[in-house]
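**Student:** My structure is below; once you've seen it, I'll send some questions.
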Amino acid sequence: MRYKALAIAASLALASPLVAGCGDDDDDGNTNATEAPTAAAPTAASDLTIQMSEFAFDPDDATAKAGTVKITAPNEGNVAHELVLLKTDADPAELPKEGDEVDESTSVGEIADVEPGATKSQTFDLKPGKYVMVCALPGHYEGGMYGSLTVK
């Protein structure tokens with residue numbers, strides 16, 4: 001009796017991986033009828049990379065689709081930079097200033113303090129229109145570190 005119980009247990013143990021392995025494991029998009037569909041992960045309407053250096057954004061005239069936009073900002077320069085995004089129709093070279101600093105009252109967000117060689121990302125919910133990108137660190141805007149972003 002004891003041997004019979006061991007034989008049955010061994011048979012079940014060997015059969016379990018075979019049963020678990022049954023099904024459609026192709027990557028052809030087909031699924032078994034018993035599998036529940038999985039929801040697709042949300043994706044950004046636009047992914048945009050804006051490189052920063054002394055003293056420029058590349059591209060300096062970017063475009064993106066309206067909605068969720070993930071901006072990735074690698075710093076290719078030798079000093080820290082940031083990317084402040086302002087909602088404005090103003091010419092990027094002629095922004096209003098408060099003393100020596102760009103007026104950030106129309107800011108929709110920023111990617112702050114990206115050290116040389118580092119990369120940071122931020123996701124923004126952008127409506128159609130015109131935006132200006134600036135590095136608001138002291139002297140950077142004055143050095144020409146600004147650009148535009150058109151959201152369609």
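The values are calculated or read from the model by the stated rules, or taken from the named source; none is laboratory data. Because the structure is predicted, anything quoted here is derived from the model rather than measured. Cβ atoms come from the backbone with ideal geometry, glycine included; neighbour counts cover every protein chain shown.
**Student:** Looking at (1) loosely packed, with under 12 Cβ neighbours inside 10 Å; (2) in contact with a strand residue (DSSP E or B) (Cβ under 6 Å, 6 or more places away or on another chain), find the lone condition where Tyr131 falls short.
**Tutor:** That leaves (1) as the condition not met.
**Student:** Would you pick out the residues in region 134-152 that are β-branched (Val, Ile, Thr) and surrounded by 14 or more Cβ atoms within 10 Å (Cβ to Cβ)?
**Tutor:** Val134, Val151
**Student:** With (1) under 30 Å from Glu142 (Cβ atoms); (2) at pLDDT below 95 as the list, and Thr31 as the residue in question, which single condition is left unmet?
**Tutor:** Failing condition for Thr31: (1).
**Student:** Of all residues in region 109-136, which are closer than 15 Å to Ile71 by Cα and in a loop (DSSP other than H, G, I, E, B)?
**Tutor:** Initial filter on region 109-136 (closer than 15 Å to Ile71 by Cα): 109-114, 118-127, 131-135.
Ala118, Lys127, Cys135, listed by residue number.
**Student:** Among the candidates Ala62, Ala66, Ala90, which residue alone is of a type in the set (A, V, I, L, M), in contact (Cβ under 8 Å) with a residue 12 or more places away in the chain, surrounded by 16 or more Cβ atoms within 10 Å (Cβ to Cβ) and out of contact with any Phe, Trp or Tyr (no Cβ under 6 Å at 6 or more places or on another chain)? So that I can check it myself, show each step before the final result.
**Tutor:** On the way: Ala66 fails: surrounded by 16 or more Cβ atoms within 10 Å (Cβ to Cβ); Ala90 fails: surrounded by 16 or more Cβ atoms within 10 Å (Cβ to Cβ).
Being of a type in the set (A, V, I, L, M), in contact (Cβ under 8 Å) with a residue 12 or more places away in the chain, surrounded by 16 or more Cβ atoms within 10 Å (Cβ to Cβ) and out of contact with any Phe, Trp or Tyr (no Cβ under 6 Å at 6 or more places or on another chain) holds for just one of Ala62, Ala66, Ala90, which is Ala62.
**Student:** Just to be sure before I move on: is Gly139 free of Cβ contacts under 8 Å to residues at least 24 places away in the same chain, closer than 17 Å to Glu54 by Cβ, over 19 Å from the mean Cα position of the chain (by Cα) and assigned to a loop (DSSP other than H, G, I, E, B) in the structure I sent?
**Tutor:** Numbers: free of Cβ contacts under 8 Å to residues at least 24 places away in the same chain: yes; closer than 17 Å to Glu54 by Cβ: yes; over 19 Å from the mean Cα position of the chain (by Cα): yes; assigned to a loop (DSSP other than H, G, I, E, B): yes.
The answer is yes for Gly139.
**Student:** Given the structure, is Lys97 modelled with pLDDT under 95 and basic (Lys, Arg)?
**Tutor:** Criteria met by Lys97.
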